[in-house]
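Colleague: Quick one: the structure is below, questions incoming.
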Amino acid sequence: MSTTSGLHVPGYVRDHSTHPPLDYPGYRSTALRHPKRPLTLLPHMLTEITSPVLGQDRLGPDDHDLTRQHEGEPQGQRILVHGQVRDSDGRPVPHSLVEVWQANAAGRYRHTGDNWPAPLDPNFTGVGRVLTDDRGRYRFVTVRPGAYPWKNHQNAWRPAHIHFSLFGRAFTQRLVTQMYFPDDPLFFQDPMWQSVPDDRARERMLARFDYESTEPEWALAYKWDIVLRGREQTPFESEEEVLEEDE
């Protein structure tokens, strides 16, 4: 038995010391989108676990390299982001689809809803995807994202971050989280960061600067492992297997 937003859901397990609550007052928009009706577990039927299937044929040749998806080079500090996806027993999770999206070096997304006065980069879309290899490893080439303002509270700024989405073998098997950079000065006022209750769990959202993997005269490297379940699990924003009940 577990409780989500004050509601009891039999069979649903959510580590409340690790994952942020679905309704967090400091993050204002959660008041509009957190579940307000009883939750129910939806069993995985044959269709849900077999289609659509995610595979190598759905990846483009430059999907993993966000700096080579346009004719020109994007602006900003080029970085490598790599790591391993593991399960609760520490075993690698192979052939899992990892997607990322992020702001450009000026802190702006290529999105119609993002119109604060920071420049758009014509050579940077900010979206990538890759399958983990046989040892559960992934690797992206991108630029370090900039901080950006948002209207959550007075003088609100998001710390630099990269969004991650992890799929299993179907779209119903999805987890979403964010990766942050060490020593960011904006953590103190960011409700998404603060909504994770346990300080040790927050640290698991921090990438580690990886000098050994840094490529000379090319790119700095950051290492970030993602743990799906267990004591060392990465904090996730949502649990996709739980949906609101129909009216």
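Colleague: Which of 127, 107, 97 sits closest to the plus end of the dipole of region 90-138, meaning its Cα is farthest towards the positive end, when Lys and Arg get +1 and Asp and Glu get -1 on the C-beta?
Modeller: Selected residue: 97.
Colleague: Highest mean first, what order results for 33-41, 82-90 on Cβ atoms within 10 Å?
Modeller: Numbers: 33-41: 13.4, 82-90: 15.9.
Taking the mean over residues of other Cβ atoms within 10 Å, the ranking is 82-90, 33-41.
Colleague: Roughly speaking, what is the stretch gain from residue 88 to residue 65, that is 0.36 nm per residue apart minus the C-alpha to C-alpha distance, in nm to one decimal? Provide the component values of the computation, followed by the final result.
Modeller: Values: separation 23, 0.36 × 23 = 8.28 nm, distance 2.90 nm.
This chain segment gains 5.4 nm when fully extended.
Colleague: Still on this model: Taking the Cα centre as origin and putting +1 on Lys and Arg beta-carbons and -1 on Asp and Glu beta-carbons, what dipole magnitude results for region 61-227, to the nearest 20 debye? Present the calculation step by step, with values, prior to reporting the outcome.
Modeller: Values: 20 positive and 23 negative charges, 89 e Å.
Its charge dipole is roughly 420 debye.
Colleague: Same structure again: In terms of solvent-accessible area of protein heavy atoms at a 1.4 angstrom probe, what is the ranking of 109, 222, highest value first?
Modeller: On the way: 109 40, 222 15 Å².
Largest to smallest exposure gives the sequence 109, 222.
The values are calculated or read from the model by the stated rules, or taken from the named source; none is laboratory data. Keep in mind the model is a prediction, meaning the values are calculated, not measured. Note that we place each Cβ from the backbone using ideal geometry, even for glycine, and neighbour counts take in every protein chain shown. The area values use the complete protein model at the heavy-atom level, side chains included, leaving out ligands, DNA and RNA. Shrake-Rupley method; radii C 1.70, N 1.55, O 1.52, S 1.80 Å.
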